[in-house]
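The values are calculated or read from the model by the stated rules, or taken from the named source; none is laboratory data. Here the structure is a predicted model, which is why all the values come from computation and not from measurement. No Cβ is skipped: glycine too gets one built from the backbone with ideal geometry, and neighbour counts run over all protein chains shown.
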């Protein structure tokens, strides 16, 4: 990514003045303020050796899973070219519907006991991106987590990422390797280019960009659209106003050690979120994460890059498929029922009264470029001050 | 200088009978592009679109070089023999302005109407319809819509949701519609001059009558400039006069054979055959002046094409099929792109095979070929693959690759409209509104 | 040429204090009656003013002509209509006429009803054509014209079988006729100079209106012409003051500034996206508008000293422009005022991105192009074209480790004596703007080399681009150039030899008026020189 930081830095003093406002509390009076536009915010996929991570290959797609539910003889019969229409009808219509016509993507809960839609193949590798969310080194159950297995991140720390465990061998996630990427991540990031949802990060009170144990970090939604250059990259140094919805403004304390910013835990983080596939657009419009923390490197080029870890309610995680409906299972060839069943089985956070965990640990790739972040109150004051 | 006696001509025309009018020859006839008949009367300019769904394969279609010496990658090989007659456009985007990208519903309508659809509906008037309104009036069919797959709703031509032009999807039905019992051989029968053109021509005399009075007031240099003005006026007058004459016989026009009817469905093998037959009938429909505007949709946006013996559609493959690590692309999905581009080559060959005047039917046509996405796997609507074939009767320079670098794709639509003679000075809305055609494309 | 301007200024300076009182206006020769093709803007404005903004004008116009070292406005005196252009005029005319007479608009313009919709009605047609024709031709139709268009309408009605159809076609031919497409100087014997000619009152009205409003005369101005008011000093000044007081003056001044600073360059401006990814469509669209707003703000809104446009810290911003200037722009959409800080590297319109980007190459900045543009457009000091056999390799190679900055490269290039002469004129001022790259983004260094923006303009030194603005502000060629350009814009031709003394005195008045453009406009519009017509057979020789 090409970024010209010079200009942004030159004008940052000016921003610091703008952003001291009721929306930007506490430490901001000292040190510089650095604003960023988030350009990547999508599932972090660790591309380890495929044979190690997924020794049994990819998780079956909907049609493959359907055939697996059949006897070998029936499978062979259905695979004959002359029976192709019959096969199509069976997997696209019968297999993706419940006894009362339930849609496997819209109503995945009704398939929890249906043996035709088993739990997906899980990642067998030991490495994943993520954060240690439960604070344990063995994944034992705690008041806020269910018993689960741990990964180690590339730095060797024990981390939680159950969503990667169940989705890391799915084609829609892992895609065709690091070169081509998973289509889900591509889509999420391309939606930010289309201006469907955009996020900002602001670091305030930075006295030393390499080491500063007291900085304030804001993570915000913005309603402003991002401009792109001719190669569809976000332009640096754009101005964005923080959303007027207080729910989508998150502020947390952080520290910078050797150029790496680590935040304290944000108990609950909401951000606006649009995800349209084929279904009604905007049916779910909010991301919810719990026990969130970021670890981001402030690179020399001015880019902020790293990982966010946290839990997400599985009802939110599965919302994209629910939103898309059956088309996700047929055209998208993802067995939504299996995905959901896997989420229920591997959920590791926030047990309900029966001890069933309702949230799943995950990690998001985060990348952000310099931008001017304005707070609505300050922006109004600034406008009024001009002649 | 009056070139001929307007009143004499009109008197003889106003009898209402269909007669041939003898007019003197003029000193400045509009040729220069090798696209006129022997008498100097211009051949009609035709316009068409050729749509295919699901785009191209990254690294296999888009030339790496721009300009005249663009290189041919595997997926463009079918057009290699016609390279000089085809221009490639890459990097022209459908700009969404924050509206959602509805997979398979945004790219095609976005390009055709210049509006990013705010909902799942065709958002406005497509530019082919604007062209048909302007140039398709005095032929039997204002425009003809065709679909290679058996689906009459497979169309990107219309005035908005609910007012779409349905496609003919059977070669036999298409043949019958054009060359069936209602067909009248354009080379036989009487000629009736268009009264509108007569009237347009007649009123110009009021302008020429002012000439002397104007000249009286002017110095020598300005007299020369006024001369130039009247020379230009005379050329237009002559063009109108040409249109009042009985046209030259359409030498390329011949009644094609009726094709056999067959069940097309969505199997690519049938669709290819269907498309070839329709291309041949269409070429004759154009040569016989039955229509001047056409829209061919070989497959649909979310391509439902299948290979014989398989139920997995082209669309599904683009999402599910793994990219072959060695090849770097999805092998089976890519085969569909190859089949579609082969057919694009066939289409161009058929039009170029019809001799007309000093050139070919293709030379007198502008075909805008395009898809609705660059990379189907993720439904991008940036860098739509677009091609211009033919030179619209010498009005378009062809044989170049031009990169848009993120410019709105509507610039190509505006270029096409102006190339075929529309007085359209802008197109599109929001970020896609443009007033700038690609002037480098104009001859 | 440079020398002539300098002499002129010297005289101006000497005379300025001596003749501050109001001496008689120096006599001018004028130029022969001419004929100017309406610009696209004038055509569109005229149609909108006559028929309303809801009438759509869709078509392409023949290309403009910019004479060497001149204005596009002056080029309109030299161009005609090509065959393709006429075709387009006719298409536009047919569409405009059809809209004017469609059922939705008909009643506004057609005040009589035909006896029968299917046959000709000469009386009704003639009354319509005389009324509309008077507006289109900016003068009453002659009887011969009225007769010809009425006859044409009648004939077209007979052919098409509808009255409005025939009338609309006749109107279309009027719209494509020279009397509308061109503004033609109509003259009459001058009662004050036996044997001489003067512009008739209607031609005066057109000249005033296209100068101050960039559109066709309105009803009040045509009425003043009809009454003969424009031939009297009081009648004329009444109309001029009315035109000057109108918000439409701004439109005309925008056109003037865009013409003077060659904004047509922007339309085809292309930058290498690999080098300048920030040069996106939205930025490109706002770029000229920023400069125009700044110019209008100083000269009209604040009615300030014209020279302040080169030093003002006030400008206007949009979010896309904020990316280029590296500043936050609180307002989400549209324009907001912005002030560069005291001591900022930027001040004045020459440090706004439009000038910097327009006069650069597609992949690098160009001190030479910028210097040349500054000399020619701002100071009216034409720079000779380079000799044909120059080797530019040294200047173009931005990777040469010996010559890191443009200054290094141009210094080496100037070692060639055949280049030195001109580059001495262009480079020092152009190098002042080297702190801004090829699209106007600030940079402290080029490659690894630090940028030295200091230099001198004809012996007056400066340290930065903002500093250069002050030097330009104080250079007497700056206002003199503006005065010359404004006069050319007013008469839409180059000035002639017989107008020099007058221009000189106009310049002195401009100085005395505190360099206020509205006052300059008024002086021009009220002058004899503005309307003066030379005898038709004046040879070109005599005009030089």
### Query
Which one is farthest from residue A:325 (Cα to Cα) among residues in segment A:38-76 that are in contact with a helix residue (DSSP H, G or I) (Cβ under 6 Å, 6 or more places away or on another chain) and in a helix (DSSP H, G or I)?
A:75
### Residue among C:141, C:236, C:222, C:136 that is away from every other protein chain (no Cβ under 12 Å), surrounded by 18 or more Cβ atoms within 10 Å (Cβ to Cβ), closer than 30 Å to residue B:201 by Cβ and out of contact with any strand residue (DSSP E or B) (no Cβ under 9 Å at 6 or more places or on another chain)
C:136
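Condition check: surrounded by fewer than 22 Cβ atoms within 10 Å (Cβ to Cβ) and within 9 Å of chain B (Cβ to nearest Cβ). Does residue C:108 satisfy that? Before the answer, list the steps.
On the way: surrounded by fewer than 22 Cβ atoms within 10 Å (Cβ to Cβ): yes; within 9 Å of chain B (Cβ to nearest Cβ): no.
So residue C:108 does not fit the description; no.
So which strands (runs of 3 or more DSSP E) are wholly in segment B:353-411 and hold at least 1 residues that are under 21 Å from residue B:106 (Cβ atoms) and modelled with pLDDT under 95?
Result: B:401-408.
Go over the candidates B:376, B:416, B:423 one by one and state the one that is in contact with a strand residue (DSSP E or B) (Cβ under 9 Å, 6 or more places away or on another chain), in the same structural domain as residue B:297 (by TED's automatic domain parsing) and under 16 Å from residue C:59 (Cα atoms).
Values: B:376 fails: under 16 Å from residue C:59 (Cα atoms); B:423 fails: in contact with a strand residue (DSSP E or B) (Cβ under 9 Å, 6 or more places away or on another chain).
Just one listed residue meets the conditions, B:416.
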### Message
Going by what's in this entry, would residue A:165 be described as surrounded by fewer than 21 Cβ atoms within 10 Å (Cβ to Cβ), closer than 30 Å to residue A:55 by Cα, touching a strand residue (DSSP E or B) at 6+ places or on another chain (Cβ under 9 Å) and modelled with pLDDT of 95 or more?
### Response
no
### Query
Of all the residues that make up segment C:163-174, how many are facing chain B (nearest Cβ under 10 Å) and surrounded by fewer than 24 Cβ atoms within 10 Å (Cβ to Cβ)?
1
### Number of the exception - residue C:462 against (1) free of Cβ contacts under 8 Å to residues at least 60 places away in the same chain; (2) closer than 30 Å to residue C:410 by Cβ; (3) outside the structural domain of residue C:343 (by TED's automatic domain parsing)
(3)
### Task
Report yes if residue C:485 is in a loop (DSSP other than H, G, I, E, B), surrounded by 21 or more Cβ atoms within 10 Å (Cβ to Cβ) and under 19 Å from the mean Cα position of the chain (by Cα), otherwise no.
no
### Query
Any residue at all in segment C:198-205 that is touching a helix residue (DSSP H, G or I) at 6+ places or on another chain (Cβ under 9 Å) and within 14 Å of residue C:49 (Cβ to Cβ)?
yes
### Task
Residues being at the interface with chain A (Cβ under 10 Å from one of its Cβ atoms) and either touching a strand residue (DSSP E or B) at 6+ places or on another chain (Cβ under 8 Å) or modelled with pLDDT of 95 or more (or both): count how many of those fall in segment C:255-277.
1
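Yes or no, residue by residue, for (1) surrounded by fewer than 19 Cβ atoms within 10 Å (Cβ to Cβ); (2) over 29 Å from the mean Cα position of the chain (by Cα); (3) under 17 Å from residue B:54 (Cα atoms):
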residue	(1), (2), (3)
B:290	no, no, no
B:295	no, no, no
B:305	no, no, yes
B:309	yes, yes, no
B:316	no, yes, yes
B:322	yes, yes, yes
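For residues that are in a helix (DSSP H, G or I) and in contact (Cβ under 8 Å) with a residue 24 or more places away in the chain, scanning just segment C:239-249, find the one that is surrounded by the fewest Cβ atoms within 10 Å (Cβ to Cβ). Break it down into steps so the answer makes sense when it comes.
In the first step, residues of segment C:239-249 are kept if they are in a helix (DSSP H, G or I); the result is C:239-245, C:248-249.
Checking the rest, the ones that are also in contact (Cβ under 8 Å) with a residue 24 or more places away in the chain come to C:239-241, C:243-244, C:248-249.
Working: C:239: 25, C:240: 21, C:241: 13, C:243: 23, C:244: 16, C:248: 18, C:249: 19.
Looking at the filtered set, the residue picked out is C:241.
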### Query
Can you tell which of B:394, B:357 is under 15 Å from the mean Cα position of the chain (by Cα) and surrounded by fewer than 23 Cβ atoms within 10 Å (Cβ to Cβ)?
B:394
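Kindly indicate which of B:156, B:204, B:218 is at the interface with another protein chain (Cβ under 10 Å from one of its Cβ atoms) and either over 30 Å from residue C:170 (Cα atoms) or in contact with a strand residue (DSSP E or B) (Cβ under 7 Å, 6 or more places away or on another chain) (or both). Give the steps one after another, and end with the answer.
On the way: B:156 fails: at the interface with another protein chain (Cβ under 10 Å from one of its Cβ atoms); B:204 fails: either over 30 Å from residue C:170 (Cα atoms) or in contact with a strand residue (DSSP E or B) (Cβ under 7 Å, 6 or more places away or on another chain) (or both).
Testing whether each residue is at the interface with another protein chain (Cβ under 10 Å from one of its Cβ atoms) and either over 30 Å from residue C:170 (Cα atoms) or in contact with a strand residue (DSSP E or B) (Cβ under 7 Å, 6 or more places away or on another chain) (or both) leaves just B:218.
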### Query
If residue C:44 passes every condition in (1) within 13 Å of chain B (Cβ to nearest Cβ); (2) farther than 21 Å from residue B:236 by Cβ; (3) in a helix (DSSP H, G or I); (4) in contact (Cβ under 8 Å) with a residue 60 or more places away in the chain but one, which one does it miss?
(4)
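Are any residues in segment C:313-337 closer than 22 Å to residue C:435 by Cβ and at the interface with chain A (Cβ under 7 Å from one of its Cβ atoms), and if so, which ones? Show your work before the answer.
Filtering segment C:313-337 down to residues closer than 22 Å to residue C:435 by Cβ leaves C:313-317, C:320-329.
Selection gives C:320, C:322, C:323, C:326, C:327, C:328, C:329.
Going by the conditions given, is residue B:223 within 14 Å of another protein chain (Cβ to nearest Cβ) and either outside any loop (DSSP other than H, G, I, E, B) or surrounded by fewer than 18 Cβ atoms within 10 Å (Cβ to Cβ) (or both)? Write out each step before concluding.
Details: within 14 Å of another protein chain (Cβ to nearest Cβ): yes; either outside any loop (DSSP other than H, G, I, E, B) or surrounded by fewer than 18 Cβ atoms within 10 Å (Cβ to Cβ) (or both): yes.
Here the answer is yes, as residue B:223 does meet what is asked.
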### Task
Count, please, the residues in segment B:124-134 that happen to be more than 11 Å from the chain's Cα centre (by Cα) and either closer than 17 Å to residue B:183 by Cβ or part of a helix (DSSP H, G or I) (or both).
3
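Can you confirm whether segment B:435-442 contains a residue that is more than 12 Å from the chain's Cα centre (by Cα), closer than 20 Å to residue B:291 by Cα, touching a residue at least 12 places away in the same chain (Cβ under 8 Å) and not in a strand (DSSP E or B)?
Within segment B:435-442, the first condition is being more than 12 Å from the chain's Cα centre (by Cα), and the residues that meet it are B:435-442.
So of that shortlist, the ones also closer than 20 Å to residue B:291 by Cα come out as none.
Taking every residue of segment B:435-442 in turn, none turns out to be more than 12 Å from the chain's Cα centre (by Cα), closer than 20 Å to residue B:291 by Cα, touching a residue at least 12 places away in the same chain (Cβ under 8 Å) and not in a strand (DSSP E or B).
Name the residue that is nearest to residue C:96 (Cα to Cα), counting only residues in segment C:27-41 that are within 14 Å of chain B (Cβ to nearest Cβ) and in a loop (DSSP other than H, G, I, E, B). Talk me through it step by step, then tell me what you get.
Initial filter on segment C:27-41 (within 14 Å of chain B (Cβ to nearest Cβ)): C:30-38, C:40-41.
Imposing the further condition that a residue be in a loop (DSSP other than H, G, I, E, B) reduces the set to C:30, C:33-34, C:38.
Numbers: C:30: 37, C:33: 30, C:34: 27, C:38: 17 Å.
Restricting to residues being within 14 Å of chain B (Cβ to nearest Cβ) and in a loop (DSSP other than H, G, I, E, B), the top hit is C:38.
Test residue C:150 against the stated conditions and say whether it is touching a helix residue (DSSP H, G or I) at 6+ places or on another chain (Cβ under 8 Å), surrounded by fewer than 20 Cβ atoms within 10 Å (Cβ to Cβ) and either within 11 Å of chain B (Cβ to nearest Cβ) or under 20 Å from residue C:99 (Cα atoms) (or both). Steps first, please.
Working: touching a helix residue (DSSP H, G or I) at 6+ places or on another chain (Cβ under 8 Å): yes; surrounded by fewer than 20 Cβ atoms within 10 Å (Cβ to Cβ): no; either within 11 Å of chain B (Cβ to nearest Cβ) or under 20 Å from residue C:99 (Cα atoms) (or both): yes.
No, not satisfied.
For the subset of segment A:186-201 comprising residues that are outside any helix (DSSP H, G or I) and at the interface with another protein chain (Cβ under 7 Å from one of its Cβ atoms), which member is nearest to residue A:237 (Cα to Cα)?
Here is the first cut: in segment A:186-201, the ones outside any helix (DSSP H, G or I) are A:194-201.
Of the ones still in play, those that are also at the interface with another protein chain (Cβ under 7 Å from one of its Cβ atoms) are A:194-196.
Working: A:194: 18, A:195: 16, A:196: 20 Å.
Result: A:195.
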